[in-house]
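Chemist: Before I ask anything, here is the structure I am working with.
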Amino acid sequence: MPAQSWTSEGLARVLADRYGLVTQDIDALVATGGAAEWDVTCSGPNGGAFRVVQYPDPEHAEAGSRGLTVAAFAGSAGVCVPSVRRDREGNLVSCGPEGYVAAFSRPKGRPVIAPLRAEQARLLGLELARVHRGLAFYPPATPQPMGGEAAWRTWPLNTSGAEPAMSAGGHRATSQRRTLLAQIPTLRRQLPTLTFQTGHGAFLRRNLYLTSDRVEVTGFRGRTTFLAWELARIAFDIRTVLDSVQWRKTALSCLAAYHIAYPHLPINEVRASPLIAVLELLCAPAQPSSPPWPLRVAATQRLLRWVDDYDDFNAMLTQHLDQVRRARGPV
């Protein structure tokens, strides 16, 4: 049964056959990454509130299984993650004639929708530190970061013919972006040697749910990632950079909380995070969920002011770290 044809009745039948669950309510969610998702409420002794994911093909199912395995490992190390419901045969991802499906507890926190505030960013920095600490010795999927995790370091600069059709405003942004591309070789030469290991792979707002004092983390990919890349993507979240007048304070709160909680990542890599965020905005392959180019260009131009005035950023980060240590002691 292809993903697009799954009805509520079909999903209920799959959950009953493979998991022994009695379905009461089903709410379809917006599909992400090629997978269909539902929030499902089930009754009976094995019931509860679940998030159910259907993978469209064996490749996505294999990636989903690795993500769930890595999430469970991180959970055993103290990261706040949903609990996975195994099927009747004990599989994380259940395989049958209808397709590939996984079920786990529905996230209990609030989704992170609005631009981040400083306190929220602090919590996210702490949780990412827990993720990286918990996965420090997990076997990497590949010897080095590959694909989207490495595009910002390796993406070719010749983009002739690669731009989508755009409005007049979009064409202006494209022209500005092409001007910015000329800076990429110089920006890349400023990068320090970067640490990589198994990471989350998609530590972004859409996969994070805030509780009163923690962050519940979903959407693990379990790929080999540069740690500073994951940190930069959430510290300099594009919506926050563009829509919050406090985006600098928010970024510093995230970076400081992460570094104090996980000092094993060298401070020079933390300090490279604005530079990494710029390269990610310029070089990351466009996806259906990616911000449009005009927004990416606007955020890049704002961040470049910090990259160009590295001494100012470094001084602000050092000051913020000192303030956090004095106010809180060890995080």
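Where a number appears in this text, it was derived from the coordinates with a stated rule and is not lab data. Keep in mind that this is a model prediction, so the values were computed, not measured. Glycine also receives a Cβ, built like all others from the backbone with ideal geometry; neighbour counts cover every protein chain displayed.
Chemist: Over the chain, with a Gaussian network built from C-alpha contacts below 10 Å, which listed residue (LEU123, LEU191, LEU208) shows the highest mean-square fluctuation?
Modeler: Among LEU123, LEU191, LEU208, the largest GNM mean-square fluctuation belongs to LEU191.
Chemist: Next up: Apply the a/c threshold of 1.5 to the C-alpha gyration tensor of region 89-155 and tell me whether it is rounded, prolate or oblate.
Modeler: Note, shape of region 89-155 comes out oblate.
Chemist: Sort SER43, SER244 so the one with the fewest other Cβ atoms within 10 Å of its own Cβ comes first. Before the final figure, lay out each step's value.
Modeler: On the way: SER43 12, SER244 19.
Listing SER43, SER244 from fewest to most nearby Cβ atoms yields SER43, SER244.
Chemist: What does the extension gain come out to for ASP17 and ARG88, with contour length at 0.36 nm per residue minus their alpha carbon separation? Let's see the in-between values first.
Modeler: Details: separation 71, 0.36 × 71 = 25.56 nm, distance 0.86 nm.
Length gained, ASP17 through ARG88: 24.7 nm.
Chemist: Also, quick follow-up: Rounded to two decimals, what is Rg over Rh for region 1-139 when you use alpha-carbon atoms and the Kirkwood radius?
Modeler: The Rg/Rh ratio comes out at 0.99.
Chemist: Further, regarding this structure: Using amide H atoms built 1.01 Å from N in the peptide plane, name the residues 5+ places from VAL81, or on other chains, whose amide H lies under 5 Å from its own.
Modeler: Close amide H contacts, sequence-distant or interchain: VAL217.
Chemist: How large, in Å, is region 188-331 by the Kirkwood hydrodynamic radius built from its alpha-carbon pairs?
Modeler: 15.9
Chemist: Now for a different question. Which log10 I(q)/I(0) values, to two decimals, does the chain give at q = 0.09, 0.11, 0.13 Å⁻¹ under the Debye formula with one point per Cα?
Modeler: The calculated log intensity ratios at q = 0.09, 0.11, 0.13 Å⁻¹ are -0.51, -0.75, -1.01.
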